[in-house]
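Nothing in this text is a laboratory measurement; each read-out follows from the coordinates by a stated rule. Please read these numbers as outputs of a predicted model, since none were measured by experiment. In this analysis, Cβ positions are derived from the backbone assuming ideal geometry, glycine residues included, and neighbour counts consider all displayed protein chains.
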Ligand code: G6P
């Protein structure tokens with residue numbers, strides 16, 4: 001949610017910032033802008049729309065500078081427009097700032113500034129903050145750093161901000177609370193790169209510092225100083241990035257989403273690699289091993305997540321209860337954080353997040369941690385905030401996911417959940433060694449089965465073309481495939497803008513069945529499992545009302561095709577593992593539907609990949 005980039009060093013800043021903004025565009029694409037400082041010359045260019053629109057708008061402009069900041073916006077305060085685009089400048093024109101987050105008490109500060117004679121060009125909270133900083137600086141006759149510190153003690157909300165000042169033409173001052181910031185240290189240590197994630201930095205350096213909440217960074221070409229809000233120095237902790245440039249490029253695919261769907265045989269393999277040894281009957285997961293007593297004796301597991309990760313949490317509920325016999329509750333992070341949840345000693349909280357930065361999930365965990373809960377993070381982005389505040393965890397190792405709609409991260413989450421549940425269950429003795437071994441072998445075969453599904457991708461393109469003009473879709477599943485139905489509906493609405501609802505297949509009779517006409521496509525996730533006969537009955541019910549049935553079935557199923565208008569068949573798998581496979585045709589169905597409708601599937605309207613505001 002909003003991407004920010006900064007550069008200070010000997011290079012031309014603009015090309016570094018522009019490339020960085022393109023990499024961060026998945027975080028928001030309502031507008032883009034840059035501020036470039038050349039001695040005491042501050043040039044600010046900003047434009048509604050995507051980074052490409054900005055690029056076009058600035059042809060022929062003065063872009064000369066060795067220091068600059070850039071922003072790609074997901075609008076919160078104020079509609080997407082040129083004037084609400086970042087960077088914002090202070091009234092006296094000496095400061096420029098970009099911001100990712102929300103200043104919650106901006107209205108109060110704004111009215112104070114209005115009373116003092118300030119006026120505003122935009123509707124943003126960011127312009128309020130920069131003028132507040134300017135006001136403090138001029139009234140206290142203090143440095144920008146000091147003024148920022150004072151201002152931040154007053155503001156509530158979340159922020160990652162980068163600030164530049166005409167009077168200090170080689171320095172970027174940054175601060176974070178709740179929104180991510182990583183600083184790359186250039187090879188000769190004479191340049192620094194600042195960004196919301198490592199993707200704009202990776203080609204210049206692998207040495208990075210993740211800035212923590214309530215820290216300020218004062219960044220010059222040869223100097224990086226970290227301080228807390230009390231003006232005490234903090235030692236920067238330098239880590240090495242474990243990411244290759246190729247991982248964040250399209251690699252010959254038309255879209256990141258398609259690339260990421262097709263990467264799944266290898267991302268799932270990478271997730272299992274080094275952990276699962278089916279022949280030896282072992283799973284190695286240090287985060288689980290080191291906390292096995294806590295995990296296997298948990299009174300209850302509470303899963304906290306948002307979006308697609310929440311759907312992975314629902315699958316986890318079925319798996320943990322079945323294998324580990326531990327009661328599980330799955331919570332929307334945004335609800336969990338604002339009610340007064342009962343978290344007892346002996347409860348384990350599992351956070352699931354691709355980005356590791358989702359604001360609601362992060363704050364929910366911080367609160368639970370304050371109350372003494374044990375937090376286990378299942379996260380994709382290495383070094384992200386959620387991974388850092390968790391007591392223990394397991395990375396999904398899916399690699400950078402750029403397409404806004406989550407695909408490979410979801411299957412990675414399911415693979416981690418499965419390994420984790422199996423490990424706890426065998427330690428606890430809640431499953432037989434024979435069933436454990438069977439599931440290990442099945443899990444090992446998943447990458448190959450995913451590969452087999454992807455080989456038939458064009459069949460889904462044909463189905464997508466046939467139903468692309470439908471105004472609504474219903475997705476139905478039972479048991480382990482119920483969350484998959486929810487995920488299928490979410491994917492379709494995100495990527496094709498077709499209204500879609502996911503429902504438990506039996507519950508469909510309590511409402512959605514009223515929508516069934518010969519115009520309504522109903523997708524059944526109906527792989528062979530213990531509920532199969534039941535879901536076939538549900539198909540009959542839809543067929544009797546002339547709904548159009550599209551079914552995802554298991555190879556060898558001869559009954560479902562007789563009831564279906566269209567079907568797609570996937571390899572046989574144990575029902576606990578089936579969701580990792582059955583979701584893949586649904587990802588492809590949405591992708592091809594979006595493409596058939598001419599939608600920018602990597603950047604669908606109004607969405608952002610990393611939701612760092614609540
Ligand atoms: C956004 C993304 C979704 C994602 C959700 C949760 O809505 O568009 O794809 O599932 O955030 O994000 P997380 O990074 O916490 O998994």
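Before moving on, here are some points about what is shown:
- Calculated SAXS-style log₁₀ I(q)/I(0) at q = 0.12, 0.16 Å⁻¹ - segment 275-332, Debye, Cα scatterers: -0.35, -0.61
- Rounded to 10°, Cα long-axis angle of helix 359-370 versus longest principal axis of the chain: 90
- Whole-number percent relative contact order across segment 455-602, with pairs defined as alpha carbons under 8 Å at least 6 apart: 30
- Computed E for residue 344/residue 38 - FRET, C-beta separation, R0 51 angstrom, nearest 0.05: 0.30
- Sorted fewest first by neighbouring Cβ atoms within 10 angstrom, 286, 471, 430 come out as 471, 286, 430.
- Segment 329-438: C-alpha gyration tensor shape, a/c 1.5 cut-off, then a/b vs b/c: oblate
- Cα Rg over Rh - segment 8-57, Kirkwood: 0.98
- Within segment 139-195, the proportion of C-alpha pairs whose separation exceeds 15 Å stands at 58%.
- Shape analysis of segment 511-593 based on the Cα gyration tensor places the equivalent ellipsoid semi-axes at 21, 15, 11 Å, largest first.
- Figure legend: label point modelled 7 angstrom from the Cα of residue 299 along Cα→Cβ; residues of segment 348-388 with amide N under 11 Å from it are 348.
- Under the criterion of Cα pairs below 8 Å and six or more residues apart, the relative contact order for the chain equals 12 percent.
- Between residue 459 and residue 506, residue separation times 0.36 nm minus the direct Cα-Cα distance comes to 14.1 nm.
- What the Cα atoms of the chain give is an Rg and a Dmax of 25.3, 80 Å.
- FRET efficiency, 1/(1 + (r/R0)^6) with R0 22 Å, evaluated for residue 108 and residue 138 via beta carbons: 0.60
- Mean projected area of the convex hull spanned by the Cα atoms of segment 119-232, taken over all viewing directions: 7.7 nm².
- Rounded, prolate or oblate (a/c below 1.5 giving rounded, otherwise prolate when a/b exceeds b/c) for segment 181-234 by Cα gyration tensor: oblate
- Over segment 251-444, relative contact order from alpha-carbon pairs under 8 Å, at least 6 apart, %: 28
- Dimensionless Rg ratio for segment 1-97, taking C-alpha atoms and the 2.2 N^0.38 Å reference: 0.98
- With contributions of -39500 (n - 2.57) from each DSSP H run of at least four residues, the per-residue ellipticity at 222 nm computed over the chain stands at -11000 deg cm²/dmol.
- Stretch gain in nm, segment residue 189-residue 244, where the contour uses 0.36 nm per residue and the Cα spacing is subtracted: 17.7 nm
- Taking the Cα atoms of segment 475-530, the ratio Rg/Rh between the radius of gyration and the Kirkwood radius comes to 0.97.
- In units of the compact-protein estimate 2.2 N^0.38 Å, segment 3-247 shows a Cα radius of gyration of 0.93.
- Principal axis extents of the Cα atoms in segment 188-345, from largest to smallest and rounded to whole angstrom, are 56, 47, 33.
- Given R0 = 45 Å, the distance between the Cβ atoms of residue 441 and residue 600 translates into a calculated FRET efficiency of 0.65.
- When the alpha-carbon atoms of segment 424-498 are used, the pair Rg, Dmax equals 17.7, 51 angstrom.
- The orientation-averaged shadow of the Cα convex hull for segment 316-374, equal to a quarter of the hull surface, comes to 4.2 nm².
- Shown here are the Rg and Dmax of the Cα trace of segment 455-602, at 13.7, 39 Å.
- Cα coordinate range in segment 27-78, projected on the principal axes (Å, largest first): 32, 21, 17
- Taken over the alpha carbons of segment 246-314 as equal point scatterers, the Debye sum produces base-10 log I(q)/I(0) values at 0.24, 0.27 Å⁻¹ of -1.11, -1.13.
- Percent breakdown of C-alpha pair distances by 10 Å bin, ordered from the shortest bin, for segment 251-444: 10, 38, 36, 14, 2, 0
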